[in-house]
1. Does residue 76 meet the test of being within 22 Å of the chain's Cα centre (by Cα), at pLDDT below 90 and not β-branched (Val, Ile, Thr)?
2. Please find, within the range 103-116, the residue that is farthest from residue 79 (Cα to Cα) out of those that are among the hydrophobic types (A, V, I, L, M, F, W, C) and surrounded by 14 or more Cβ atoms within 10 Å (Cβ to Cβ).
3. Report whether or not residue 126 is touching an Asp or Glu at 6+ places or on another chain (Cβ under 8 Å) and among the β-branched types (Val, Ile, Thr).
4. Does residue 42 satisfy the criteria of being touching a Ser or Thr at 6+ places or on another chain (Cβ under 9 Å) and either modelled with pLDDT of 95 or more or more than 27 Å from residue 242 (Cβ to Cβ) (or both)?
5. In the range 232-245, how many residues are surrounded by 14 or more Cβ atoms within 10 Å (Cβ to Cβ) and in contact with a Ser or Thr (Cβ under 6 Å, 6 or more places away or on another chain)?
6. Among residues belonging to the range 165-181 that are at pLDDT 75 or above and in contact with a Ser or Thr (Cβ under 6 Å, 6 or more places away or on another chain), point out the one that is surrounded by the fewest Cβ atoms within 10 Å (Cβ to Cβ).
7. Can residue 139 be described as buried (at least 18 other Cβ atoms within 10 Å of the Cβ) and at pLDDT below 95?
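The values are calculated or read from the model by the stated rules, or taken from the named source; none is laboratory data. Since we're looking at a predicted model, the values are computed, not measured. In this analysis, Cβ positions are derived from the backbone assuming ideal geometry, glycine residues included, and neighbour counts consider all displayed protein chains.
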Amino acid sequence: MKKLYPFLLLVLLPLFTQAQDKVSAPAAIWPELQVNYGVGEEGLLFFRNQYRINTDSRYNDLQETGPLSIFERVELALGYEHTFTDHWRGGLMLRYAAEDFPQTTFGALFLRHNGSIKSLYFNKQVMAEYVKQENLGASVRFRLTGELGKRFPFRSKFITPSISYEALLLSGIGRDENIEAQERGIDRTRLRANVTYELTNKLRLTPYFMRQTNYYYALVSPVYDEEEQLIEEGYTTKRNRISPVVGLELKYTINKTTKTASITY
């Protein structure tokens, strides 16, 4: 039970905030393609291409016309993971996200530990991420992730159901002091359930469902009557924006066999 404490703390972390308002966002669809390539005995290079499509077409505005007009966001990622021991892995990742506004570049370092709770694998990961947004300055945030799952034989293949929780925490490191923005300590959280089906020893298909929550401050405008007399003053409130996401990942690995302990699995 003690091994579960960090994971439970991560899940309960947003409950310690004093959020007041909840709003629901349209569902989104996130298809993703990834190719992994083994480098030596301990290394793994990976390339990821993710597309985000909103079910509300008003948000799909990456371009006004053309094939990219159906997307809300397109993201490219290139990373490297290194296995240090049976339980410890680490690496780095560069990402670029294109959307109507802003364009964003990410640089990240991560450390990953894999353990077990009885018959379940238990992965923990901490990532420090430098975020540079177009015309909005730069900042550093930390991403804490916990994942529980189990790999089962399924006919002549394997299937791996799992559940994970990620919290993205903001910091003041690297932020431009000239940009005034009121922010909450938790940027967003992601609760995700997925099933990975190993089509071959190199090709894996992972459908998933995710509940993403964004935490931010919202300005409520003052209220006036017909004679323009102030009835209620404006104020700032904490708001949680909840977005359901349906995703599908297709991953292909060359020159190596990945494990559930890997960030690329």
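1. Considered against the rule, which asks whether it is within 22 Å of the chain's Cα centre (by Cα), at pLDDT below 90 and not β-branched (Val, Ile, Thr), residue 76 comes out as no.
2. 111
3. Values: touching an Asp or Glu at 6+ places or on another chain (Cβ under 8 Å): no; among the β-branched types (Val, Ile, Thr): yes.
Here the answer is no, as residue 126 does not meet what is asked.
4. yes
5. Total satisfying the criteria: 1.
6. This residue is 166.
7. Judged against the criteria, residue 139 is a match.
Each row is one residue, and each column tells you yes or no for (1) closer than 21 Å to residue 22 by Cα; (2) in contact (Cβ under 8 Å) with a residue 60 or more places away in the chain; (3) surrounded by fewer than 16 Cβ atoms within 10 Å (Cβ to Cβ).
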position	(1), (2), (3)
183	yes, no, yes
224	no, no, yes
230	no, no, yes
247	no, yes, no
250	no, yes, yes
